[in-house]
Every structure is written in structure tokens, then in C-alpha cells.
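Engineer: For reference, the structure I am asking about is given below.
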Amino acid sequence: MRIRLGYQLNFSFPAPTPMIVMLNVHYSRVGDLERPDHIVTSVPAPIQGYRDSFGNWCSRLVAPAGAMTISADSVIRDSGAFDPVDPGAVQHRVDELPADTLLFLLGSRYCETDVLSDEAWRLFSGTAPGWARVQAICDFVHNHVTFGYEHSRPTRTAAQTYAEKRGVCRDFAHLAITFCRAMNIPARYCTGYISDIGLPPPYGPMDFAAWMEVYLGGRWHVFDPRNNAPRIGRILIAQGRDAADVPLTHTFGPNTLTEFRVWTDEVGA
């Protein structure tokens, strides 16, 4: 399957403003791109790239005062398969976990494991360890939290999502990640594209999305508490402890996002 992907973000800046953006397809999928997903700006703004501590590709620039559009457009080759499901994936004891997964057991900016640990054990200690436990967490979060763009708030933490019972995809992910970590299951935050390919219409407005990966059975597995179902055309951009590590755009000054579009559409051979 070939999927056209891209975005157009329109900003207004009152003054020259430094930015860091994470908008490129993750290095693990770069080989599937038919052409590079280079970031294009509507006005001159030299871009410098670097990798962060998680290996994500970041771009820094200084946006000039006034209006500026950031965009990219590419085509990626995809298997066309739904997210893999492995009900037999086991949960590892903490002392058996690889060292590079241990960071994803710890609390972080939006995932307060210390606050929600007792509640996690109350809710999920009776579930079977492994895949079934993570699925039980996703089922709970999916049913407990009401989705709505009007509920978006950049400062909302997992504990606040649990109490308020509302949020957007990042809030679903943060809450599920926090419950997993509290149950000694490494979980990391992911951001990227999710397509509607294979789903019946009508389709909602396309946007970037957040989900999580958990470490079970010796590898990382995708779980999506917001949609709570396997999807076709899930394309990773970045991974981290939570949204604080992988903001799509980080601006060091006031600005207004005046309009944005995101697309992931199947194209012919």
C-alpha cells in the first residue's frame, strides 16, 4: 500500500521566534518513504536538524515576524496490515527487563505514577499479567475518558485526566501509560499519523495522533487507548516519556496557529 502523508501548519508571529519542530517521519520508517518528507517554509527560515536523546529527528529554525506556513508532503510504502496483536505476549519481571526500558517505568511530566499507583493496583491487580492486563487498561481508559477537541488543555496530566474524565488523544495515552508503569510495565508515548484507511465513513477531520507502546514478550507493542482498535497506516514520528519530550511544535515566544491540515490518504500503485 502507498499512503500520501503530510501537513500544512499556518502560523502568525508578532516577532522573530525560535522554534523546534518534530514533524519528520521516524527514522525507523524513513526507508519506506518514496521521497524525503522535507520541511518547507513559506518564507526564508534556515533549518538545522539534530537528534534528541531518544533518537527522534528535530528541526530548529527562527520564524520571522508575520505569517509563515510550515508544510511537507510525501508518499510512504506501508504493509497495509492492521496493528499486530499478540495476546500471548508476557509481562517481564522488573529484574529481567533490558536496561534501556527501565526509563519507561518511571514517572514523568504528565505521567504521575506516584499519584496513581494505588489506584492502578486497585483497578488492575486482578487482571492476568501481560497482554490481557494492558488491554484491560486500554479498555478502562477508552471507556472512562470522553474525547473532544474542546477538552484540549496543554497542562492536563494523567491524574487530572482520570479525575476530569475528558481529554484528547494525548490524555488517553498519558493515563494508560501511567497505569502501565504503575503496574511495572514499560510504556512510552508515541506521536504520528493515524489514517482512516479500512474504516467505514463518515471520517472526522484528520489530525496528528498520540498512542503508546508497551514492552511485553521481548519487544515493543502498539496500543491505542483513544481508538482502542488496531488501525491501518499508523506512521510514527517520535517517541518519548510523554508529550513533554515530543511536542510537534515548540515555540519560544507568542504565536497563533491560524490553520492546520493533516492528510494520510491511500494512493494507487
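The values are calculated or read from the model by the stated rules, or taken from the named source; none is laboratory data. It should be emphasised that the depicted structure is a prediction, and the values quoted were computed from it without experimental measurement. Don't worry about glycine lacking a Cβ; one is built from the backbone with ideal geometry, like all the others, and counts go over all protein chains shown. Protein only, heavy atoms only, side chains kept; ligands, DNA and RNA dropped before computing areas. Shrake-Rupley method; radii C 1.70, N 1.55, O 1.52, S 1.80 Å.
Engineer: Is the C-alpha gyration tensor of the stretch 91-177 telling us rounded, prolate or oblate? Criteria: a/c under 1.5 is rounded; beyond that, a/b larger than b/c is prolate, otherwise oblate.
Structural biologist: prolate
Engineer: Here is a follow-up. Leaving out ligands, DNA and RNA, what percent of the accessible area of the stretch 16-125 is carbon and sulfur, probe 1.4 Å?
Structural biologist: Of the solvent-accessible surface of the stretch 16-125, carbon and sulfur hold 57 percent.
Engineer: Of the options A173, A244, V90, report the single residue whose Cα projects farthest towards the positive end of the charge dipole of the chain (beta-carbon charges: Lys, Arg +1; Asp, Glu -1).
Structural biologist: Positive-end residue among those listed: A244.
Engineer: Follow-up question, since we're still on this one. Charges at C-beta only: +1 for Lys and Arg, -1 for Asp and Glu. How large is the resulting dipole of the stretch 111-269 about its Cα centre, in Debye rounded to 20?
Structural biologist: For this selection, approximately 240 debye.
Engineer: What is the magnitude of the charge dipole of the chain about its Cα centre, with +1 placed on the Cβ of each Lys and Arg, -1 on the Cβ of each Asp and Glu, and no other charges, expressed in debye to the nearest 20?
Structural biologist: In debye, rounded to 20, the chain gives about 200.
Engineer: Please calculate how many Å² of accessible area the stretch 10-78 carries per residue, with a 1.4 Å probe and no DNA, RNA or ligand atoms counted.
Structural biologist: 48 Å²
Engineer: With every protein chain left in place and a probe of 1.4 Å, what is the accessible surface of L97, to the nearest 10 Å²?
Structural biologist: Rounded to the nearest 10, that gives 20 Å².
Engineer: I would also like to ask the following. As a test question: what accessible area, to the nearest 10 Å², does Y203 have when a 1.4 Å probe is rolled over all protein chains in place?
Structural biologist: My reading of the accessible area for Y203 is about 130 Å².
Engineer: Okay, moving on. Given an 8 Å cut-off on Cα distances and at least 6 residues of separation, report the relative contact order of the stretch 111-226 as a percent.
Structural biologist: It rounds to 28 percent for the stretch 111-226.
Engineer: Right, something else. Can you show me the helix-derived [θ] at 222 nm for the chain, built from DSSP H runs with n ≥ 4 at -39,500 (n - 2.57) apiece and divided by the number of residues, rounded to the nearest 500.
Structural biologist: Computed mean residue ellipticity for the chain: -5500 deg cm²/dmol.
Engineer: Same structure again: Which one of A15, A176, A244 has the biggest mean-square fluctuation once the chain is modelled by GNM with Cα springs under 10 Å?
Structural biologist: Among A15, A176, A244, the largest mean-square fluctuation in the Gaussian network model of the chain belongs to A15.
Engineer: Moving to a separate point now. Cα centroids of the stretch 196-262 and the stretch 80-146: how far apart, whole angstrom?
Structural biologist: The two parts, judged by their Cα centres, are 18 Å apart.
Engineer: In percent, what relative contact order does the stretch 180-237 have, based on Cα pairs under 8 Å that are 6 or more apart in sequence?
Structural biologist: Normalised by residue count, the contact order of the stretch 180-237 is 43 percent.
Engineer: May I ask you to derive the relative contact order of the chain, considering only C-alpha pairs under 8 Å and at least 6 residues apart, and to give it as an integer percent?
Structural biologist: So the answer I get is 30 percent.
Engineer: By the scheme Lys and Arg +1, Asp and Glu -1, what is the net charge of all other residues having a beta-carbon under 13 Å from that of E34?
Structural biologist: +1
Engineer: How big is the stretch 94-237 by the Kirkwood estimate over distinct Cα pairs, in Å?
Structural biologist: Value: 15.4 Å, from the Cα pair sum.
Engineer: Of the labelled options [x] 78, 39, 27; [y] 130, 38, 23; [z] 57, 43, 39, which one gives Cα extents along the principal axes in Å as computed for this structure?
Structural biologist: [z]
Engineer: Still on this structure, please answer the following. Taking only protein heavy atoms into account and a 1.4 Å probe, give the accessible area per residue of the stretch 132-231 in Å².
Structural biologist: On a per-residue basis, 36 Å².
Engineer: Excluding I76 itself, what net charge comes from residues whose Cβ is under 14 Å from its Cβ, given Lys and Arg +1 and Asp and Glu -1?
Structural biologist: -1
Engineer: If you don't mind, there's one more thing I want to ask. Let me check something: with ligands and nucleic acids excluded, how do L61, L102 order by accessible area (1.4 Å probe), largest to smallest?
Structural biologist: L102, L61
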